[in-house]
Amino acid sequence: MAESLRVEVQGHGVVEVQPPATFAEVAAKLALQDALAVEVDERVLDLSAKVLGPCRARFLTFADEAGLEVFRHSSAHLMAQAVLSLFPSAKPTIGPVVEEGFYYDFDAKPFTPEDLARIEARMAEIVQADLKLERLELSREQALEIFADNPYKCEMIRELPEGSISAYRQGDFIDLCRGPHVPRTGVLRAFKLTKVAGAYWRGDARNAQLQRIYGISFPDQGQLDEYLRRMEQARERDHRRIGQEMDLFSFHEEGQGFPFWHHKGMVLRNVIVDYWREAHRRYGYQEIQTPMILNETLWHTSGHWEHYRKNMYFTTIDDVPHAIKPMNCPGGLLVYKNRLHSYREFPLRVAELGLVHRHELSGVLHGLFRVRAFTQDDAHIFCTPAQFRSVVEETITLMFEIYNTFGFKEVAVELSTRPTEGTIGSDENWALAESGLEDALRAKGIAYKVNPGDGAFYGPKIDFHIRDCMGRSWQCGTIQVDFSMPERFGATYDAEDGTRKTPVMIHRALLGSLERFIGILSEQYAGRVPLWLNPVGVKVLPVADRFAEYAQKVANTLVA
Ligand SMILES: [Zn+2]
Ligand SMILES: [Zn+2]
């Protein structure tokens, strides 16, 4: 009798098997029913692979990324088998795994929704039959013979090096494939074909047009149902759809990434701004507005030229280079410097609903979530180092009050510290700013996560992430300490001891951007925003013409 082989299984200790044994037998000994494939020496293999010597193995399930890939790719084979049994003249080409499931491209006539339903029914039969998946190692000659009637597969076979050609068989279906695969079709229980699309062989429009079928699959029906429910919910709540249906805003070719606000969108925006102004008055803020276009030299002074140029737009006025502001701070500092300041007026809280422009690549633009122009609910607070902590605390209080008002109860807080390179400001100031923010969070009893090295180039920051009803997290608020920019701009104040000092500057935004926040609100409430925010509010409908005059009176009262 041959000597037994030691297989060290991650998380399960050592299993001894007698050769010739397969990894399926090792999994069986450990009662690992969910195993789909096995990773041995960094290679993912079929469970049917033989144990060739002592080794370390890790069994993969649907919960592992590599396991999920094996599962979904096996689902693509399952779909191809069903397609071929219903449409024998269809030629399968490739069927990879993608982020949202899998697809398979066929040289075939376009598939109809009825076809998809029939394919799904046939897939269910094949799952029921619980066919075994079998790996075949082939010579090029054998492979060309098996796939002789499929020019796409023959093209791929000719490109593969001899000795590395394999195929997988399940029942009467065979596909050229590197593998690995799940052991049996029976595990591919829950699936849904989601859409069809046109495609080209090798993605090239000069090649044959192909029919692509997309699908999604899970080990059990519950997971699939949950996935489909989430997809449906996200589709229904898509703010771009809601914006169109409620006539709030639109986007046009002529200004990619620049939202157009319609009347109802402006009503909603103004309700938000009215509340925002009221809250800020209560917290002792002033409000200013600074220009959108400013001389380029200002952006050299601020450090934006050096650190942020790639995201900025530029223009020329009277032959002098100017920049469109990507942030409101430099303008805010010019206002600050317009007169002398004393410690007696500190903390000086100056808010600005500032329209900023920032370049984003066209590929990442996404409704109101990712735009190139937006209104920041910005503010700069100037204070003494001694006041700094209490200013941060009061800002946190205002932040939570505002989120609460809009119905966001879950807020995650993150503290980002000094980046390893490219920062401005002294070590001493950075240390002071970081400990100040941390102290304020502790004093407020707020749990937070530290992101080492994620701070801005001019100072550390606290970020506030609100969680929406779909479990998504949105970074909205931020509090950033800045000991550097006031220094660069020569901003000062008369201190209590009679000397002239540099103030601490705090940059903060609560909603982040009005545009993005309205996008978040729309999806949170699926367009059914609370009454106080509703742009339509109340509709007055006269029951007969003779009441029209009275109805107008009522409407006038409501508007007032
Ligand atoms: Zn395959
Ligand atoms: Zn700022």
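The values are calculated or read from the model by the stated rules, or taken from the named source; none is laboratory data. Nothing here was measured: the structure is a model prediction, and the numbers come from that model. Virtual Cβ from ideal backbone geometry, glycine too; neighbours counted across all protein chains shown. Areas reflect the complete protein model, heavy atoms only, side chains present, ligands, DNA and RNA absent. Shrake-Rupley method; radii C 1.70, N 1.55, O 1.52, S 1.80 Å.
Brief remarks on what is shown
- Residue that is closer than 18 Å to Leu510 by Cα, in the same structural domain as Ile506 (by TED's automatic domain parsing), modelled with pLDDT under 95 and aliphatic (A, V, I, L, M), where the choices are Ala412, Ala431, Ala443: Ala412
- For Thr420, the test of being open to solvent by 30 Å² or more (accessible area, probe 1.4 Å), free of Cβ contacts under 8 Å to residues at least 40 places away in the same chain and among the hydroxyl-bearing types (Ser, Thr, Tyr) is passed.
- Residue list for the range 195-210, restricted to those being buried (at least 16 other Cβ atoms within 10 Å of the Cβ) and out of contact with any Asp or Glu (no Cβ under 7 Å at 6 or more places or on another chain): Val196, Trp201
- Residue in the range 214-224 that is open to solvent by 80 Å² or more (accessible area, probe 1.4 Å), away from ligand 1 (no atom under 16 Å from the Cβ), within 27 Å of the chain's Cα centre (by Cα) and without any contact (Cβ under 8 Å) to a residue 40 or more places away in the chain present: yes
- Flag if His73 is in contact with a strand residue (DSSP E or B) (Cβ under 6 Å, 6 or more places away or on another chain), modelled with pLDDT of 95 or more, open to solvent by 10 Å² or more (accessible area, probe 1.4 Å) and within 11 Å of ligand 1 (Cβ to nearest atom): yes
- In this entry, Glu394 is excluded by the filter for residues that are touching a strand residue (DSSP E or B) at 6+ places or on another chain (Cβ under 8 Å), open to solvent by 30 Å² or more (accessible area, probe 1.4 Å) and more than 16 Å from ligand 2 (Cβ to nearest atom).
- Criterion (modelled with pLDDT under 95 and among the hydroxyl-bearing types (Ser, Thr, Tyr)) met by exactly one of Thr395, Thr384: Thr384
- Ile479 assigned to a strand (DSSP E or B) and under 20 Å from Cys329 (Cα atoms): yes
- Count of the range 372-386 residues which are surrounded by 18 or more Cβ atoms within 10 Å (Cβ to Cβ) and either among the basic types (Lys, Arg) or out of contact with any strand residue (DSSP E or B) (no Cβ under 8 Å at 6 or more places or on another chain) (or both): 1
Every residue, every condition in (1) more than 16 Å from ligand 2 (Cβ to nearest atom); (2) farther than 23 Å from Ala190 by Cβ; (3) in a strand (DSSP E or B); (4) acidic (Asp, Glu), yes or no:
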position	(1), (2), (3), (4)
Arg6	yes, yes, yes, no
Ala28	yes, yes, no, no
Gly53	yes, yes, no, no
Arg56	yes, yes, yes, no
Leu78	yes, no, no, no
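- Members of the range 146-180 found to be open to solvent by less than 20 Å² (accessible area, probe 1.4 Å) and β-branched (Val, Ile, Thr), listed by number: Ile157, Ile165
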